[in-house]
Amino acid sequence: MSTVSKAPAPVAALDAILRTLERPQPPGALSATLTLAWRAAIKAKNTAVEQLFDAMMMPIVFLLIFNYLFGGAFAGSTDNYLQVFLPGVLVMAAVMQTMATGHTISLDIAKGIYDRFRSMPFWQPASLVGTMVTDLGRYLVTLTLTAVLGLALGFRPGAGAVGLVLAMLLILAFAFAFAWIFTTISLLVRSPDSIQAQSMLLMAVVFCSNIFVESSTMPGWIRAIVDVNPISHLSTAVRGLVHGTVTAGQIGLVALSIGILLVVFGPLTMVLYRKRKNG
Amino acid sequence: MHSDFAIRTNGLTKAFGKTRAVDGIDLTVTAGTVYGVLGPNGAGKTTTIRMLTTLLPPDAGSAEVFGHDVVREAETVRGLISLTGQFASVDDTLTGRQNLNLLARLTGYSRAVARQRAVELLGAFDLADAGDRMVRTYSGGMQRRLDIAASVLSAPRLIFLDEPTAGLDPRSRNQVWDAVRTVVAGGTTVLLTTQYLEEADQLADRIAVIDNGEVIAEGTPGELKASVGGGAVHVRLLDATQRQFAEQVLTRVLGAPVRPDPDPARLSVSASDPGRAGEALTALTAAGVAVADFSLGQPSLDEVFLTLTAGPAGIATGAEVNAV
């Protein structure tokens, strides 16, 4: 029953390799994150067209519908409205994308390779942050295309290209922090069926902001909600940046939101990630 | 902190709701050996591995890997081990080369070394031609080999293999076994779980048989075989309907009960005396029982397993065999 197998050539090769292997020091946090971002980028490349379609549909539809259907009523003319609305659409385009990030991660970490990741001694948040970093690229593509469409429709940033670029960077920073809400949710709610509900909820949060109309036009109680919504703070700061009227206080509020989101939802996500029972 | 023990657990316990998946397991694995954890589906094998690989905190008891506590010193433990999970722990949407590259980088190798390791290991595991194909397109055996290649990449001192050959054809299984033997020859400790007794018999220096979250037997394959009694008479009947009659004859002549067996045509009875075995064959023939096959030999691990999991007494005739 017990047959001694002759070592075939590959086994001899393996033996030779094993003799030369020596375990190196674990990689640093940055190196681990970039390596995992590379993995996420390869995976994203396979579905790039579908992802882009998904990402662009919403800003395009909103931009056209709101601008041409409601713009006149909201701001006297569609052209006036576009100047105020486009920065808001940029914010919305990025914020809505963060939900997809959470969804991608929740599907991904169900895979067997995450068992291996979790049993390796590198900086564990890299497993999630890698994907989030790669998704920044996705947000950036969405923002750029939306901005180009806006410019084609007649949007003119008062602060020029520099203002627009700075605004997009601020949006990216906020979206990175905001995405941690969805990594937390996707780890808590393991069924992807809840995507519809999450999407409606996020839509409600986006609408309860000053993206579409100024809060000064609203009744007091809703204005109170809109004025504390961090998405309002972001769109105010983004409008300020693109039109050159930004104040330090506006940027400060956004920075504060980013800080709070990271401090609360970052560790929460990691605790849930480590506790996950099966890979 | 040095330790001759690769693994030492003490009353390791994990419950999911009311189910005690692992119920007070004590294991001691000597460094440099292959340890087999044998048990049916749901016996607690994977849960045990998940605790030992720091993926799951135990509810009670403790476990050490090379003297390091898996909970308090999880980070150190992760630096010493590598895990090949039950379901492929490689990414099936990347190529084989990308997988090895990725894991080499995460282990801490430089870009250039990582690339080189990937090439070497693809070659050593007979995957060089498939290196640039997506793992999704690999056969089960190829995925397993890639998985093991990924596990040895980090030069771990202890490798966990959770059912490494489940669902593989015999040729792929032999390739995996060869790889395991090579790794062990290099001094690495291996803990493997399996449902296949042959696999444990082939590879393991020691075996723990677990069932319902408890270790029900532990020892070398030889010891386990000896524990069910010395030799045994194996009879295969031409006609399974004669089983009851044959059982009576064998029990009378050999003075021992027939062990439970899932195959109705197969009977095994402990018998250490070859002379008695001869009498048994004569008695069967005289009684008109048609015998297809008759042999006297060491009990196989299969019998050990069935006997052990059949019930506390082990040899209770007719006991339900619920382990297979």
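Dividing the summed helix terms, -39500 (n - 2.57) for each DSSP H run of n ≥ 4, by the number of residues in the protein assembly as shown produces a 222 nm estimate of -17500 deg cm²/dmol to the nearest 500.
In the context of the full protein assembly, B:Thr28 retains an accessible surface of approximately 60 Å², using a probe radius of 1.4 Å and ignoring ligands and nucleic acids. Modelled this way, with points 7 Å down the Cα-to-C-beta line, the labels at B:Gln116 and A:Ala248 are 5.4 nm from one another. Over chain B, Cα pairs under 8 Å with separation of 6+ residues give a relative contact order of 18 percent.
With protein chains left intact and a 1.4 Å probe, residues in chain A average 45 Å² of accessible area per residue. Here the Kirkwood formula, the inverse mean of 1/r across different C-alpha pairs, assigns chain A a hydrodynamic radius of 20.9 Å.
When each full DSSP H helix of chain A is screened for a Cα extent of at least 15 Å along its own axis and an average Kyte-Doolittle hydropathy of at least -1.0, the helices passing are A:9-20, A:29-46, A:48-65, A:78-108, A:126-153, A:160-188, A:195-207, A:230-243, A:248-275.
To the nearest 10, the accessible area of B:Ser295 is 40 Å² with a 1.4 Å probe. Taken along the Cα-to-beta-carbon direction at a fixed 7 Å, the label points for A:Ile60 and B:Ala287 span 8.3 nm. Of the residues B:Glu199, B:Glu64, B:Glu73, the one that moves most in a GNM of chain B with alpha-carbon contacts below 10 Å is B:Glu73.
Looking at segment B:49-138, which trypsin sites (Lys or Arg not before Pro) are DSSP coil and have at most 14 other C-beta atoms within 10 Å of their C-beta? The qualifying sites are B:Arg72, B:Arg133. Solvent exposure of A:Lys275, expressed as accessible area, is near 150 Å², computed with a probe of 1.4 Å over the protein chains only.
The alpha carbon gyration tensor of the protein assembly as shown gives principal lengths a ≥ b ≥ c with a/c of 1.5 or higher and a/b greater than b/c, which makes the shape prolate. With viscosity 1.567 mPa s and temperature 4 °C, the Kirkwood radius over alpha carbon pairs of chain B converts through Stokes-Einstein to a diffusion coefficient of 60 µm²/s. Summarising the amide proton neighbourhood of B:Leu296: residues at separation of 5 or more, or on other chains, whose placed amide H is nearer than 5 Å comprise B:His234. Full extension of the segment from B:Gln248 to B:Arg171, taken as 0.36 nm per residue of separation minus the current Cα-Cα distance, would add 23.5 nm. Around the amide H of B:Ile7, modelled in the peptide plane, lie the amide H atoms of B:Val29, B:Phe66, all under 5 Å away and 5 or more residues distant in sequence or on another chain. Angle, helix B:170-185 long axis vs. longest principal axis of chain B, Cα atoms, 0 to 90°, nearest 10? The angle comes out near 60 degrees.
Axis angle, to the nearest 10 degrees, between helix B:140-152 and the longest C-alpha principal axis of chain B: 60 degrees.
FRET efficiency for the B:Glu198 to A:Leu272 pair, using the beta carbon distance and R₀ = 41 Å, is estimated at 0.50. Here the dipole of chain A is about 940 debye; that uses its Cα centre as origin and unit charges on the Cβ of Lys and Arg (positive) and Asp and Glu (negative).
Between A:Leu256 and A:Leu52, the modelled labels are 4.0 nm apart [label points 7 Å from Cα along Cα→Cβ].
Within segment A:29-117, the percentage of alpha carbon pairs spaced more than 23 angstrom apart rounds to 44%.
Relative to the longest principal axis of the Cα atoms of chain B, the long axis of helix B:274-286 makes an angle of roughly 60 degrees. Computing FRET efficiency as 1/(1 + (r/R0)^6) for A:Val165 and A:Arg19, where r is the C-beta to C-beta distance and R0 is 45 Å, gives about 0.25. When the P(r) of segment B:1-148 is calculated, the portion above 25 Å amounts to 41% of the C-alpha pairs. For B:Gln202, the shell of other residues with beta-carbons less than 12 Å away shows a net charge of -3, using +1 for Lys and Arg and -1 for Asp and Glu.
Over segment A:190-279, the Kirkwood radius and the radius of gyration, each from Cα atoms, give a ratio Rg/Rh of 1.08. When B and A come together, around 4000 square angstrom of accessible surface is lost from both chains combined, probe 1.4 Å. Mind listing which trypsin sites (Lys or Arg not before Pro) in segment A:172-269 are in a DSSP loop and have 13 or fewer other Cβ atoms within 10 Å? In loop regions of segment A:172-269 (DSSP not H, G, I, E or B), the sparsely surrounded trypsin sites (Lys or Arg not before Pro) are A:Arg190.
For chain B, modelled as a GNM whose springs connect Cα atoms under 10 angstrom apart, the maximal fluctuation among B:Ala124, B:Ala232, B:Ala208 occurs at B:Ala124. Dipole size of segment B:75-145 about its Cα centre, with +1 on Lys/Arg Cβ and -1 on Asp/Glu Cβ: approximately 120 debye, rounded to the nearest 20.
The values are calculated or read from the model by the stated rules, or taken from the named source; none is laboratory data. Bear in mind that the values here come from a model prediction, so they are computed numbers and not experimental data. Please note: Cβ atoms are built from the backbone with ideal geometry, for glycine as well, and neighbour counts cover all protein chains shown. These accessible areas exclude ligands, DNA and RNA; they are computed on the full protein's heavy atoms, side chains included. Shrake-Rupley method; radii C 1.70, N 1.55, O 1.52, S 1.80 Å.
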